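**Q** This structure is in structure tokens; I'll ask about it shortly.
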Amino acid sequence: MEVLGVAAFIKLGLSIQGSWLLLILCLLGAVGVAFYAYRYTIPPVTKSLRRALMALRAAALVLLVLLLFQPILSITRSYFQKPTIAVLVDNSASMTIRDNQHTRAEIVLSLLQHPAFEHLQKFNNLRFFTFADHLYSLKKIHPDSLQFNFEGTDIHSALVEAKQKLLNEYLAGVVLLTDGIYNVGENPLFLAQSYGLPIFIVGIGDSQEKKDVLIARVLTNEVVYAQNKVPVEVVISSYGYDGMKIPLSLKYHNQVVDSKLITLVGNYQEQKVRLTFVPQQEGFQKYVLEIPKLKGEFTTLNNKHSFFVKVLKSKIRVLLLAGAPSADLKFIKRILEDDKDIELTVRTQKKGGGFYERNIEDNWTGKDYEVIFFLGFPRWPVDKITRNFLTKQLLKKNKPVFFLQGPNLNIEELKNFQDALPFTIGTAPGKPREVSLQPTVQGEQFPLIRLQDDFAGSLALWKVLPPVSTFLRNFNPRPESQVLVVVDPKQSKLPNTDSFRKPLILARTPGKHKELALLFYNVWRWDLMMWGVNKTNEALVKFLNRSIRWLTTPEEIKLVKIQTDKLIYRNGEVVHFLGQVYTP
């Protein structure tokens, strides 16, 4: 039989425990005993009845003998499937480069028409794919299906996706037709070493190195502040121009804002160059890095690189209200004061009213702040002036709020501001527990939780953070709040059930402002204790700085909101639109 190109064969088999000869003798003996027993009957019966009784006795004895020999009937179904060969064709723009008389694209099209592929298909199932920045399946390869206009090339992801798409087939190998140039994703060499399947690479193009200078990578902040100097780290790679000096320019609206003269080292060694710019106004701004065209250069397509930055106000005014002096206050205050983009005002409650800070202006309640930071606040009753000020800032002006729990919160006083918080306040006080943290699936993709660009490295960093203190039953997230981090019951030595996966970090965006809550304290451990295990305070510094910036980045809420998933796209790259509709 033939099903979906897979041949299937069925084989039946019968086996017993013991000798077949002994089985036959026992069966004959069973029939003989039945015949002997019913030759004559007392009292005599009719001939037909005697034969019926003889047959029943013989059948019973035969069945008993068969059971004693334990017969086994086996049905074997064998499938014979052709092996599958994945053919991956590079569809990127670099394939249009001309080597001698032909372009690389022409060479690929010629190879795909070669009789070798027809011969290969007689004994294998060929699955064709094209790839650039993504992998695309093709039922059948055709010249019209290859445009060679994608600027991104990710060989690593193409190999991974091809293997995943063919999981249900007998994948025997991969044929890779490419010029080997990749500018997106990881180095495919390391993947090939652990791929588990043979990869047959058909190199396209001239293997001789070409004279070229290119901008390999650019690193800068996506969110910056007006009137502040912003660094841009540029990685330059070159070949064939050893010792040549060339200018690297950074332009805004075709005006050079910074440039440096660099001496090329060649041999495709990477050189890091730092430029700077000072944005003047708020909003999205486009900058262009440019290297001049050199004589004899192979291509100039990689001599330019564009990037966007979002420019915010020059200084973020943060009001930090602490319920009492604490280690958390000491460490957080130092980190925020070290951030040149933050203007910090601190007020620490003291028993009996007032604040500890002296010799400073008394008109702090007359200022406007971008973020209100509650650090274990309030602990003591809040005076009327401060309460009115906070009510105006949080409930009327809807200022962003950053809440960090403390050990001695005044719950009744906090209820005056609970409408500005991403949680509701429960009645049961609970007891403090030492707990470890675990990002949720939703939190893993949230910008505040991604403490490192590497996804795995970010999760690993959360796992090594020291435990914090929390009250397991005090607060409950609002329905519209995002739960970013929860208690890790296993690491916290708690029952491994959902009831103990209490929320620890919440985020909410009710309209145009934002709210963030950390339902724990003793975050100073993420600084001091990390140094004791040969780590740094990177996690706490990044989390605090990114939190302040996330809170102050406005969310424009419209009834119909359509946006793309990225700001910059390469030629030929798929553009994904995200649509959101709100009911007024």
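**Q** Between a first residue in the range 69-81 that is farther than 25 Å from F123 by Cβ and a second residue that is β-branched (V, I, T), which pairs have beta carbons less than 7 Å apart while being 6 or more apart in sequence or on different chains?
**A** Partner pairs satisfying both residue conditions: F69/I16; Q70/I16; P71/I16; I75/I10.
**Q** Could you please let me know if V234 is within 23 Å of Q285 (Cβ to Cβ), surrounded by 18 or more Cβ atoms within 10 Å (Cβ to Cβ), touching a residue at least 12 places away in the same chain (Cβ under 8 Å) and aliphatic (A, V, I, L, M)?
**A** When the stated conditions are applied, V234 passes them.
**Q** So, in the range 149-181, of the ones that are closer than 12 Å to S92 by Cα and among the charged types (D, E, K, R), which residue ends up surrounded by the fewest Cβ atoms within 10 Å (Cβ to Cβ)? Steps first, please.
**A** Filtering the range 149-181 down to residues closer than 12 Å to S92 by Cα leaves 149-155, 177-181.
After this cut, where a residue has to be among the charged types (D, E, K, R) as well, the list is 151, 154, 179.
On the way: E151: 18, D154: 22, D179: 21.
It comes out as E151.
**Q** Still on this structure, I have one more. Select, from K490, K514, the only residue that is among the basic types (K, R) and modelled with pLDDT of 90 or more.
**A** Just a single option satisfies the conditions, and that option is K514.
**Q** Give the range 275-311 a look and list any residue that's surrounded by 17 or more Cβ atoms within 10 Å (Cβ to Cβ) and hydroxyl-bearing (S, T, Y), or say none.
**A** Across the range 275-311, the qualifying residue is only Y287.
Matching residues to (1) at pLDDT 90 or above; (2) not in a helix (DSSP H, G or I):
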{"residue": "R334", "(1), (2)": "yes, no"}
{"residue": "T348", "(1), (2)": "yes, yes"}
{"residue": "R358", "(1), (2)": "no, yes"}
{"residue": "E361", "(1), (2)": "no, yes"}
{"residue": "W380", "(1), (2)": "yes, yes"}
{"residue": "I385", "(1), (2)": "no, no"}
{"residue": "L395", "(1), (2)": "no, no"}
{"residue": "K399", "(1), (2)": "yes, yes"}
{"residue": "F403", "(1), (2)": "yes, yes"}
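**Q** Counting only residues that are of a type in the set (K, R) and out of contact with any Ser or Thr (no Cβ under 8 Å at 6 or more places or on another chain), which one in the range 314-346 is surrounded by the fewest Cβ atoms within 10 Å (Cβ to Cβ)?
**A** Only one residue fits best here, namely K340.
**Q** On the basis of being surrounded by fewer than 18 Cβ atoms within 10 Å (Cβ to Cβ) and modelled with pLDDT of 90 or more, does L261 make the cut? Even if it seems obvious, please write down each step before you answer.
**A** Working: surrounded by fewer than 18 Cβ atoms within 10 Å (Cβ to Cβ): yes; modelled with pLDDT of 90 or more: yes.
Taking the combined requirement at face value, the residue satisfies it.
**Q** Considering only the range 310-332, state which residues are assigned to a strand (DSSP E or B) and either touching a helix residue (DSSP H, G or I) at 6+ places or on another chain (Cβ under 9 Å) or not charged (D, E, K, R) (or both). Write out each step before concluding.
**A** Going residue by residue through the range 310-332, those that are assigned to a strand (DSSP E or B) are 310-312, 316-322.
Matches in the range 310-332: V311, L312, I316, V318, L319, L320, L321, A322.
**Q** Quick one: would you say V218 is modelled with pLDDT of 85 or more, within 20 Å of N303 (Cα to Cα), within 23 Å of the chain's Cα centre (by Cα) and not in a loop (DSSP other than H, G, I, E, B)?
**A** Yes, satisfied.
Residues checked against (1) part of a helix (DSSP H, G or I); (2) at pLDDT below 85; (3) more than 21 Å from the chain's Cα centre (by Cα); (4) surrounded by fewer than 14 Cβ atoms within 10 Å (Cβ to Cβ):
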| site | (1), (2), (3), (4) |
| --- | --- |
| A428 | no, yes, yes, yes |
| L461 | yes, no, no, no |
| S469 | no, no, yes, no |
| E480 | no, no, yes, yes |
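**Q** Need at least 3 residues that are among the β-branched types (V, I, T), modelled with pLDDT of 90 or more and in contact with a Phe, Trp or Tyr (Cβ under 8 Å, 6 or more places away or on another chain) per element, so show me which strands (runs of 3 or more DSSP E) inside the range 59-172 make the cut, counting only ones lying wholly within it. Even if it seems obvious, please write down each step before you answer.
**A** Values: elements: 72-80, 84-90, 125-131, 135-138.
Per the criteria, 84-90.
**Q** Show the residue pairs that are 6+ apart or on different chains and have beta-carbon atoms under 8 Å apart, the first residue being within the range 247-261 and in contact (Cβ under 8 Å) with a residue 12 or more places away in the chain, the second being outside any strand (DSSP E or B) and surrounded by fewer than 16 Cβ atoms within 10 Å (Cβ to Cβ).
**A** These pairs meet every condition: P247/P292; V257/V278.
**Q** So which residues in the range 300-359 are within 31 Å of the chain's Cα centre (by Cα) and under 30 Å from L214 (Cβ atoms)?
**A** L301, N302, N303, K304, H305, S306, F307, F308, V309, K310, V311
The values are calculated or read from the model by the stated rules, or taken from the named source; none is laboratory data. Note that the structure is a prediction, hence the values are computed from the model and not measured. In this analysis, Cβ positions are derived from the backbone assuming ideal geometry, glycine residues included, and neighbour counts consider all displayed protein chains.
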